[in-house]
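Structure first, then comments.
No lab work stands behind these numbers, since they all come straight from the coordinates. Bear in mind the structure is a predicted one, so any value in this text is a computation, not a measurement. In this analysis, Cβ positions are derived from the backbone assuming ideal geometry, glycine residues included, and neighbour counts consider all displayed protein chains.
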Amino acid sequence: MKDIHPPRDELRTTGRKLVVLSPTVNIAAMASALEAVGMEVVMASQYGGAVPPDKMLTADAVVFDRLQTMVVADPSPAALAVMAELQARGVILSVEDEGYVHAISAPALQSSQREYLDGYRAGVNGLIDHLLSGGAPAATEGHTGVPSGRGESSGGVREERQGRGRHEPGTRPLDQGSVTWGLDAIGIEASPFTGRGVRVAVLDTGLDLNHPDFRGRKVVHQSFVPGETVQDQAGHGTHTAGTACGPHASAQGPRYGVAYEADLYIGKVLSNQGSGADGWIMNGINWALVNGCRVISMSLGSQRPPVEAYRAAGERALNQGAIIVAAAGNASHRSRGDIQYTGAPANSGTILSVAALDSSLRVADFSNGGKIDIAAPGVGVHSSWPLPQGYNTISGTSMATPHVAGVLALLMQADPHASAPDIWRRLQRMGRRLNAPASDVGFGLVQAPVSARTEQEEPIGKQKASARSSPPAQSEGPIVERGGVQIPSPRESDTR
């Protein structure tokens, strides 16, 4: 029996509160009650679904209408009394401390929590300086045909190449042909789907808008980080966006993007230092839903127990036809017998959690366990990177997550009328079974659909196991009714 350490709480708080509201709440009436005791309340709907970063800093309460969630600054005694009354009446369902999340990939991006807090303060100070100098708030929003050009330099590992056709893992050199090893492992070349007509939001550190592989591509973008534009100076967001929705033909090297014709929405919710407050993430999710995104990819997290605000966000996204997919986290050292539990937000039962595999389809040494829904390539992943480097090969559950996001877009294109919970279940049924417990890989290696109705539609027990696969490690999780839709519920992990 493997020992999976319980969720540890490494939360550093912002001093604000995350408040989950009842799905039946009259938001206008609640806002009036808070305003009556002197609170400044702003709603995302007042700004087209995305609250400007400066307002996030100055308002007493920020309401994300689509999520029925709000962030509240340190309330006065009178405001606390009103909130207590609202909670007693069932208008407020939960109140939690707002914390920070961070990009979870290469070690170079995994600095201390103090650096995360320093990054947040730098963002705030940058915004203040910008405003004092007479500038406008640094948030950007637009429909951009990406030009060519050069951007910020970012260090990293030299890119590799991947071969054509599908091979058994470990039988050929990596990245020596038309697609990366990760795309080969998920069977991308057998899939006729491209993601066309499906909107995919990548919430991360932004995108290099000057990258040649996105030249001429319509990219809708918005920054939620105080004092920073969507232009990616960290590299993490450019890498994850490339894996999820990169081009069919790269300017250099193999194909690395899964859903190359999906409509790409870039939400910068993590600073150039790789960190962000929970409220920025909520702002990004709300914006994605307002814009009709059906896949929301979040390669971010922190080692803490489940957060009710993220659980509610996942549930309410499912109710609106969208799936949030998130990285399980990189806190484990499996070779030392240290397996850490899936971090937040991926540890919420309403958010699809992704583990990382290497090119031999073994669980990555760093990949967390416990609440895992699916696994994907996450070691030595080649993708786009800010100029002048252009491409990079890095590892992490962050790199696994966009593979799954891209496949979700393919499934939604294949069956555009399917509900989000139904797409979730189909993704699980399609998983290639692995010789690993469900607590490590969930339903196995994610697979790209080859037709609208394929073997994934058969009952799980009737699927044939490949020569290198074990029988299914678990049956599909129980389905519970919430808010009028069926969603996969959390299930007990298999830790055999």
Evaluate the distance, in nm, between pseudo-label points positioned 7 Å from the Cα of R336 and of A251 along their respective Cα→Cβ axes. 4.1 nm
Amide H contacts under 5 Å for M43, placed H, 5+ residues apart: V63
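Which FRET efficiency, nearest 0.05, do A36 and T229 yield, Cβ-Cβ r, R0 51 Å?
Details: r = 37 Å, r/R0 = 0.73.
Efficiency at R0 = 51 Å is approximately 0.85.
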Span from the the range 341-383 Cα centroid across to the the range 273-292 one, whole angstrom: 21 Å
Potential extension, A29-S419 segment - 0.36 nm per residue separation minus Cα distance: 137.2 nm
Rounded if a/c is under 1.5, else prolate if a/b beats b/c, else oblate: with a ≥ b ≥ c from the C-alpha gyration tensor eigenvalues square-rooted, which is the range 250-376? oblate
Gyration tensor (alpha-carbon) shape descriptor, the range 183-303, a/c threshold 1.5: prolate
Using θ = phi - 60° and the Karplus curve 6.51 cos²θ - 1.76 cosθ + 1.60, what whole-Hz ³J(HN,Hα) does each residue of the range 80-97 get, with Gly and Pro shown as x? 4, 5, 5, 5, 5, 5, 5, 5, 5, 8, x, 6, 9, 8, 7, 9, 9, 6
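Please list 428-434, 378-384 highest first by mean number of surrounding beta-carbon atoms within 10 Å per residue. Present the calculation step by step, with values, prior to reporting the outcome.
Working: 428-434: 22.1, 378-384: 28.3.
In decreasing order of mean packing, 428-434, 378-384 become 378-384, 428-434.
With the cut-off at 1.5 for a/c, could you classify the range 348-449 from its C-alpha gyration tensor as rounded, prolate or oblate?
Details: a/c = 2.03, a/b = 1.22, b/c = 1.66.
Note, shape of the range 348-449 comes out oblate.
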How would you order 57-65, 257-265 from highest to lowest mean count of nearby Cβ atoms within 10 Å? 257-265, 57-65
The range 67-98 versus the range 21-39: alpha-carbon centroid distance in Å: 10 Å
